[in-house]
1. Give just the number: which of (1) in contact with a strand residue (DSSP E or B) (Cβ under 8 Å, 6 or more places away or on another chain); (2) within 13 Å of ligand 1 (Cβ to nearest atom); (3) farther than 20 Å from B:Phe64 by Cα does B:Gly199 not satisfy?
2. (1) within 16 Å of ligand 1 (Cβ to nearest atom); (2) open to solvent by 10 Å² or more (accessible area, probe 1.4 Å): which one isn't true of B:Leu193, the others all being true?
3. If the Cβ limit is 6 Å and pairs must be 6+ apart or interchain, which residue in the stretch B:22-40 that is within 16 Å of ligand 2 (Cβ to nearest atom) pairs with which residue that is open to solvent by 50 Å² or more (accessible area, probe 1.4 Å) and outside any strand (DSSP E or B)?
4. If we scan the stretch B:89-98, do we find a residue that is of a type outside the set (Ser, Thr, Tyr), surrounded by fewer than 17 Cβ atoms within 10 Å (Cβ to Cβ), at pLDDT below 95 and assigned to a loop (DSSP other than H, G, I, E, B)?
5. Across the stretch A:322-336, what is the total count of residues that are more than 10 Å from chain B (Cβ to nearest Cβ) and surrounded by 15 or more Cβ atoms within 10 Å (Cβ to Cβ)?
6. Kindly check whether there is at least one residue in the stretch B:22-35 that is part of a loop (DSSP other than H, G, I, E, B), more than 12 Å from ligand 1 (Cβ to nearest atom) and among the aliphatic types (A, V, I, L, M).
7. So A:Phe38 ticks every box in (1) modelled with pLDDT under 95; (2) out of contact with any Pro (no Cβ under 8 Å at 6 or more places or on another chain) but one. Which box is left unticked?
Amino acid sequence: MSLAAIDWGFILTQSVTQAFDFNAVVYALAAIGLNVHFGYAGLLNFGQVGFVAMGAYGMGLSITLWQLNPFLAVIVGMIFAAIFALILGLPTLRLRSDYLAIVTIAAAEIVRLIARSTVMRPITRGAEGLNEFIGPFRDLSPFSASQTYGIGPIEWRGSQFFAVVVGWVLVGLSLLLVAQLMRSPWGRVVKAIREDEDAARALGKNAYWYKLQALILGGVIGGLGGMVQALGNATVQPDFFVAPLTFFFWLVLILGGVGRVWAPVFGAVVYWFMITFIQNTGRQMVDAGMIPTSIMDTSQIDQIRFWIVGAALALLMVFRPQGFFGSREEMALDAR
Amino acid sequence: MTPAEQLADIAAEPGVSKPDPILVVDNVTRAFGGLKAVDVDHLEVQRGVITALIGPNGAGKTTFFNLLTGFDQPDTGNAVFDGDVASGQSSHELARKGMVRTFQLTKALTKLSVIENMKLGATHQRGEHFFTALFSPLWNVQEKEIESRADALLERFKLDHMRDEYAGTMSGGQRKLLEMARSLMADPTLVMLDEPMAGVNPALTQSLLEHVKSLRSEGITVMFVEHDMDVVRDISDWVVVMAEGRIIAEGPPDSIGSNQQVIDAYLGSHHDSALDLDADLLGGES
Ligand SMILES: Nc1ncnc2c1ncn2[C@@H]1O[C@H](COP(=O)(O)OP(=O)(O)OP(=O)(O)O)[C@@H](O)[C@H]1O
Ligand SMILES: [Mg+2]
């Protein structure tokens, strides 16, 4: 019964692998989208998972239903997310910001419930989900399914490595896009609207239209996350897109720092590292008898890890409310 | 004849027509529940002059501004700005057409730097379109022009030392200056200033006044709300008095203080002495 019984090498390998796996990419993309919404445009979106679902279903259905080629399928996935943004934004963005928040929560659940409904079975395959879309993507993959790829001990099977690579490329492109937009006059208008919509309008900016554009942009980036999820898991399951997932995206965003271009990516990587690290360490401690099963068994670790992450986030908010990379100076301006 | 001189022989009565109006308001009303906040039969604002809008607290001045600038829509009536029906147009459309306003409660964009605040004011920016924004060469040159214009204005308003600070770090008076300077970036033909001097220290007030006067010499029409009668007399060519939503008097600044209607509105109808302007009885919250 000592720390020597714990295989730290294994835990670290697992944690780092998860930190860069496609799941972290999904979180990163969703949080980059939320950062556009909240960090730059000041839009409160509590239904980002709905955009993620729209991207995944748009891409999946393009192949299972319409037999489009994979590139078109990605475009359709983006269009799905954009349409979702229009449906949410058109009626609410003229109103006070709270209205969008309320509508997004509900709409994301509606997407999931429609997708899994029996009526939609012929199209979405209901709760079973879409599975037959992955073939054309596998054909595109330069990686052999029977091999493993990676750096040193950090490795993935060929079938998943494709999703990992595509995912990180998409993260890179999204970051470049957001960085360029936010340093442009377009970004200036969006940030001004976040600060004070009326001031922007008094200077001739069509606040409604810019908010709609920002909602679409962040939603489409979230939609890309959904596609990476679909590629990585080789399936689109409606119940993956549950409402609480949105709040994990928020967690990742706040962890990294709101309103900083690449902070959400850092947040996602740290989050997945922490979750995996705590889980594996906890399991090994139980297995080694360091934590008596009367207190906790391995299956309970899965819950406990969220407590620990929650406590860590609470501490972060006390000592570093701006997140890892947010600006304390900007935060202080709110208090004036 | 300067625009101000054109006003010399205009009768001092509410709703009087003027030789060259930039803004014509007809029958504009706005009620909040049972309260008729604005009820203006007719008002013309002369082009190229400084018009002061005064009136007791709650008279409806801000509401009237909101109606004119598209931030609120009137229940009835309409306003014509520069020959173009303004009512029904949204605020950003009117701003692009040259009617730019500031707010009673200053709206500095606190987490943007002062220079970014200024640059935002410029209209017709190519880089403000999503797809052109993606390619810096398409907007770089214009951005430089805008920046040098912004720098010149900051210097004129003596804010150049704050250039790269967050606007949120500015004092209340500095924010007023910034807001006025920023509105000039939009190349307005008519600026509507809602209490530009409120909360500004007397030293700064003087420079603000000079700035407002210099707008007039550049041919910009100014309409501003103000409670301080000294200020009103100093810079305005024409004064419009509002009370309980209605225009109760109009005229050159000197004629207003002795107008019985105005005295009644400010002091109640039992008073009959001429308004003592120097005692600054009209001073509201400034
Ligand atoms: N959104 C609103 N809802 C209800 N009542 C309002 C609203 N806006 C203004 N009012 C009322 O309309 C009247 C006119 O208000 P307004 O702000 O236009 O006055 P003002 O002349 O600008 O006053 P002040 O000099 O104090 O700024 C007031 O009685 C006010 O309470
Ligand atoms: Mg007012």
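The values are calculated or read from the model by the stated rules, or taken from the named source; none is laboratory data. Treat the numbers as computed from the prediction; the structure is a model and nothing was measured. So basically every Cβ, Gly included, is an ideal-geometry build from the backbone, and we count neighbours across all protein chains shown. We work out accessible area using only protein heavy atoms, side chains counted, and drop any ligands, DNA or RNA first. Shrake-Rupley method; radii C 1.70, N 1.55, O 1.52, S 1.80 Å.
1. All conditions pass for B:Gly199, except number (1).
2. Going through (1) within 16 Å of ligand 1 (Cβ to nearest atom); (2) open to solvent by 10 Å² or more (accessible area, probe 1.4 Å) one by one, B:Leu193 breaks only (2).
3. B:Arg30/B:Asp75
4. Looking through the stretch B:89-98, none of the residues is of a type outside the set (Ser, Thr, Tyr), surrounded by fewer than 17 Cβ atoms within 10 Å (Cβ to Cβ), at pLDDT below 95 and assigned to a loop (DSSP other than H, G, I, E, B).
5. Residues in the stretch A:322-336 being more than 10 Å from chain B (Cβ to nearest Cβ) and surrounded by 15 or more Cβ atoms within 10 Å (Cβ to Cβ): 5 in total.
6. Scanning the stretch B:22-35, I find no residue that is part of a loop (DSSP other than H, G, I, E, B), more than 12 Å from ligand 1 (Cβ to nearest atom) and among the aliphatic types (A, V, I, L, M), so the answer is no.
7. Exception for A:Phe38: condition (1).
One line per residue, one yes/no per condition, for (1) over 17 Å from the mean Cα position of the chain (by Cα); (2) part of a loop (DSSP other than H, G, I, E, B); (3) surrounded by fewer than 24 Cβ atoms within 10 Å (Cβ to Cβ); (4) of a type in the set (Ser, Thr, Tyr):
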| site | (1), (2), (3), (4) |
| --- | --- |
| A:Val25 | no, no, no, no |
| A:Ala31 | no, no, no, no |
| A:Ala53 | no, no, no, no |
| A:Trp66 | yes, yes, yes, no |
| A:Thr104 | no, no, no, yes |
